[in-house]
1. Any idea which residue in region 59-96 is farthest from the ligand (Cβ to nearest atom), counting only those that are in contact (Cβ under 8 Å) with a residue 24 or more places away in the chain and over 17 Å from the mean Cα position of the chain (by Cα)?
2. With respect to residue 273, determine if the residue is in contact with a helix residue (DSSP H, G or I) (Cβ under 6 Å, 6 or more places away or on another chain) and open to solvent by 30 Å² or more (accessible area, probe 1.4 Å).
3. Filter region 152-172 down to residues that are over 21 Å from residue 241 (Cα atoms) and among the small types (Gly, Ala, Ser) and give me whichever is nearest to the ligand (Cβ to nearest atom).
4. Looking only at residues that are away from the ligand (no atom under 14 Å from the Cβ) and within 21 Å of residue 151 (Cβ to Cβ) in region 100-123, which one is most open to solvent (accessible area, probe 1.4 Å)?
5. What is the residue count in region 102-123 for residues that are touching a strand residue (DSSP E or B) at 6+ places or on another chain (Cβ under 8 Å), more than 19 Å from residue 175 (Cα to Cα) and either part of a loop (DSSP other than H, G, I, E, B) or β-branched (Val, Ile, Thr) (or both)?
6. Do we find a residue being in contact (Cβ under 8 Å) with a residue 40 or more places away in the chain and among the hydroxyl-bearing types (Ser, Thr, Tyr) anywhere in region 235-242?
7. Does residue 7 satisfy being in contact (Cβ under 8 Å) with a residue 40 or more places away in the chain and open to solvent by 20 Å² or more (accessible area, probe 1.4 Å)?
8. So residue 245 passes all but one of these: (1) at positive phi; (2) among the basic types (Lys, Arg); (3) not in a loop (DSSP other than H, G, I, E, B). Which condition number does it fail?
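The values are calculated or read from the model by the stated rules, or taken from the named source; none is laboratory data. Everything numeric here is computed off the predicted structure, so don't read it as measured data. Cβ placement follows ideal geometry from the backbone for every residue including glycine, while neighbour counts extend to all protein chains displayed. Side chains included, ligands, DNA and RNA excluded: accessible areas come from the protein's heavy atoms. Shrake-Rupley method; radii C 1.70, N 1.55, O 1.52, S 1.80 Å.
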Amino acid sequence: MTQAEPLIRTISDTALLAAVYRARETERQDALFRDPLARRLAGKRGEQIAESMPFSDRNTWAWVVRTYLFDQFIAEQCQQGVDMVINLAAGLDTRPYRMTLPATLKWIEIDLPGILSYKEEILANEKPVCALERVRLELSDVPVRCEVFAQLGGRADTCLIFTEGFIIYFSADQVRALAEDLAAPRTFQRWILDLASPGLLRLLQKNMNISLSGGVSSLQFGPEEGPEFFVPCGWKPIDVRSPLKTAARFKRLSFGMRLLSLLPASNGRQGSRPWSGVCLLAKP
Ligand SMILES: C[S@@+](CC[C@H](N)C(=O)[O-])C[C@H]1O[C@@H](n2cnc3c(N)ncnc32)[C@H](O)[C@@H]1O
């Protein structure tokens, strides 16, 4: 492999990177969560990709704390009685195997065919704790996704959707349209997502070499409006949690980042401030 050949060849390779950070977290004494399947899923290629991304490697805390915050939100929503969870762009996530969930919970993983086949092959002998299904879907295919959402919506009483590490790869117009499509089924009641500010987006575009279309960064979405972006699309932010403050609480930050974490919490417009939030949205 020459330097010029990018290690990330398709968008689904980013799922390997996420699995590497979950595997490394699992191997720590003070792990915030344990994902025993992550190491196998990440594989050697995952580690090679991680090693080629020093910026991301220095900021592992951001990936780990994001997973931790999603775990918390998902557990809370399951306790409140959702009967279906849809993980949009699930990648190599293994929550149906590692979390304590009701056996009757319907859990749907949606992603592109290649990554889901890779995952199924590796997990062939593993047993999920709930009723897991996988749907191979190109999420930018609007008519097909609307059909899938309508079908799933019809099988649920209260459905939680989550998108972890996904919408940053869509343009603002694509995210808006997706948000509207997710607002359509009556039973789709909650949505957990992670969001970057314009300042953080620029920092990531500069430092993370994820460009799949002719040198243009694949990282695209960091709205000026912050979580309020979703209000005109039918979703109201009801809880926003700070990865930075969470990482500070668990003593996972460098000195410089610790100083940044002392700034007052703010969930509105951030402009150039590098900000991220894990947001719980509800139908108004
Ligand atoms: C950074 S990974 C995150 C995976 C997983 N949510 C996690 O946190 O580990 C991004 C995921 O988005 C999926 N993805 C990107 N664009 C997609 C599209 N148009 N349709 C379906 N999945 C897509 C990729 O295949 C990949 O699994």
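1. 81
2. Taking the combined requirement at face value, the residue satisfies it.
3. 171
4. Here the residue is 104.
5. Number satisfying all stated conditions: 4.
6. No: region 235-242 contains no residue that is in contact (Cβ under 8 Å) with a residue 40 or more places away in the chain and among the hydroxyl-bearing types (Ser, Thr, Tyr).
7. In short, yes.
8. In the conditions (1) at positive phi; (2) among the basic types (Lys, Arg); (3) not in a loop (DSSP other than H, G, I, E, B), residue 245 misses (1) alone.
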